[in-house]
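First up is the structure itself, then whatever we jot down about it.
The values are calculated or read from the model by the stated rules, or taken from the named source; none is laboratory data. All of these numbers come straight from a predicted model, not from anything done at the bench. In this analysis, Cβ positions are derived from the backbone assuming ideal geometry, glycine residues included, and neighbour counts consider all displayed protein chains. For accessibility, only protein heavy atoms count, side chains too; no ligands or nucleic acids. Shrake-Rupley method; radii C 1.70, N 1.55, O 1.52, S 1.80 Å.
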Amino acid sequence: MPAIVVRQLAAEGPHGSIPVRVYAPAGDAVHPGLVWNHGGAFAGGDLDMPEADWVSRSLAERGFVVVSVDYRLAVEGVHFPVPSDDVVAAFRWVAAHTAELGIDPARLAIGGASAGGDLAAGALLRLRDGGGPLPARALLAYPTVHPELPSFSAELEAAVALHEPDDPRFEPDAVREMNLNFAGDEATMSDPYAFPGLADPTGLPPVFVLNSEVDTLRASGEAFAASLARHGVTVLSLFEPGSRHGHLNRPDEAAARRSIDRITAWLSTPALP
């Protein structure tokens, strides 16, 4: 694979320094960029997990500069908006340093997986409403963007039921508990910046929602994709066949490698409406 260079840097935000890891193709060329946010139920995950490191390396090998963000987790009294503040600040830092990072500013995207997908989508809304800059596009992998799980379609219920003995589902009560820990209180559960599935997404850039097939959290990603389409946002929504939630965190599975190919193709599209 092409050689890549990995650097440990730091962005500055309202809560202090934010560690970021930059993955870039070797050389002095300018490349499209992606600010990437790992998952982990808002309370776990780090820059070394495959969903952060392997995904970033894989995309860098395909010609992207990826900035992986070590946002603050919702533990030890940390709640929204702190992780969201970190993601917004990290994106703005990257946008202000594209020349040094070797990124084409016109092709800078934001993305995230699972809880990181929620944070990326929330950052989109905050950047739209807070004077930008907006990314050119957004990638949300199996995101959970609602305070409570939307209803399951019959197709999703059947897919999950078929695999349930081997893959226990994310139950609505557990998802709500996870989200309440992130939110910090009941009032914040209705904040659209915390849970973008509640928001009017008009004016957002094109979005790719890539879900896992056998995953009750797919209900959230698909509901958000439908809302994006209703509000005139260009959206591509699909699921990776045969995959379980978090499949980008399991690079030994064929589903993860297929998804990297899908992501590469979508991020490489020269222009989207």
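Can you list residue pairs whose Cβ atoms sit under 8 Å apart, with the first residue in region 95-114 being within 27 Å of Ala43 (Cα to Cα) and open to solvent by less than 10 Å² (accessible area, probe 1.4 Å) and the second being among the charged types (D, E, K, R) and part of a strand (DSSP E or B)? Count only pairs 6 or more apart in sequence or on different chains.
Partner pairs satisfying both residue conditions: Ala109/Arg137.
Could you check region 130-163 and list, in sequence order, the residues that are at pLDDT 95 or above and closer than 15 Å to Ile110 by Cβ?
Scanning region 130-163 gives Gly130, Pro133, Leu134, Pro135, Ala136, Arg137, Ala138, Leu139, Leu140, Ala141, Pro143, Val145.
Where the second residue is open to solvent by less than 50 Å² (accessible area, probe 1.4 Å) and among the acidic types (Asp, Glu) and the first is under 11 Å from Asp118 (Cα atoms) and part of a helix (DSSP H, G or I) and lies in region 185-209, which pairs have Cβ atoms under 9 Å and are six or more apart or on separate chains?
Going by the 9 Å Cβ cut-off, the qualifying pairs are Pro196/Asp118; Gly197/Asp118.
So is Leu156 on the phi < 0 side of the Ramachandran plot and either assigned to a helix (DSSP H, G or I) or open to solvent by 50 Å² or more (accessible area, probe 1.4 Å) (or both) or not?
Here the answer is yes, as Leu156 does meet what is asked.
Starting from region 34-55, keep only residues that are over 12 Å from Val69 (Cα atoms), then list their pairs with residues that are among the aromatic types (Phe, Trp, Tyr) and open to solvent by less than 30 Å² (accessible area, probe 1.4 Å) whose Cβ atoms are within a distance under 6 Å, requiring at least 6 positions of separation or different chains.
Short answer, once both residue conditions are applied: Phe42/Phe182.
Looking at region 242-264, which of its residues are at pLDDT 95 or above and open to solvent by 60 Å² or more (accessible area, probe 1.4 Å)?
Passing the criteria: Asp252, Arg257, Arg258, Asp261, Arg262.
Pick out the one residue from Arg128, Arg92 that is open to solvent by 10 Å² or more (accessible area, probe 1.4 Å), part of a helix (DSSP H, G or I) and closer than 15 Å to Val207 by Cβ.
Being open to solvent by 10 Å² or more (accessible area, probe 1.4 Å), part of a helix (DSSP H, G or I) and closer than 15 Å to Val207 by Cβ holds for just one of Arg128, Arg92, which is Arg128.
Confirm whether Ala74 is buried (at least 19 other Cβ atoms within 10 Å of the Cβ) and either touching a Lys or Arg at 6+ places or on another chain (Cβ under 6 Å) or within 19 Å of Pro206 (Cα to Cα) (or both).
Judged against the criteria, Ala74 is not a match.
Residue pairs, Cβ under 7 Å, 6 or more apart or interchain, first in region 67-88 and in contact (Cβ under 8 Å) with a residue 24 or more places away in the chain and of a type in the set (Ser, Thr, Tyr), second open to solvent by 40 Å² or more (accessible area, probe 1.4 Å) and assigned to a loop (DSSP other than H, G, I, E, B). List them.
Ser84/Tyr193
Give the residue that is farthest from Leu272 (Cα to Cα), with candidates limited to residues of region 170-213 that are open to solvent by less than 60 Å² (accessible area, probe 1.4 Å) and of a type in the set (Ser, Thr, Tyr).
Filtering first and then ranking leaves Thr188.
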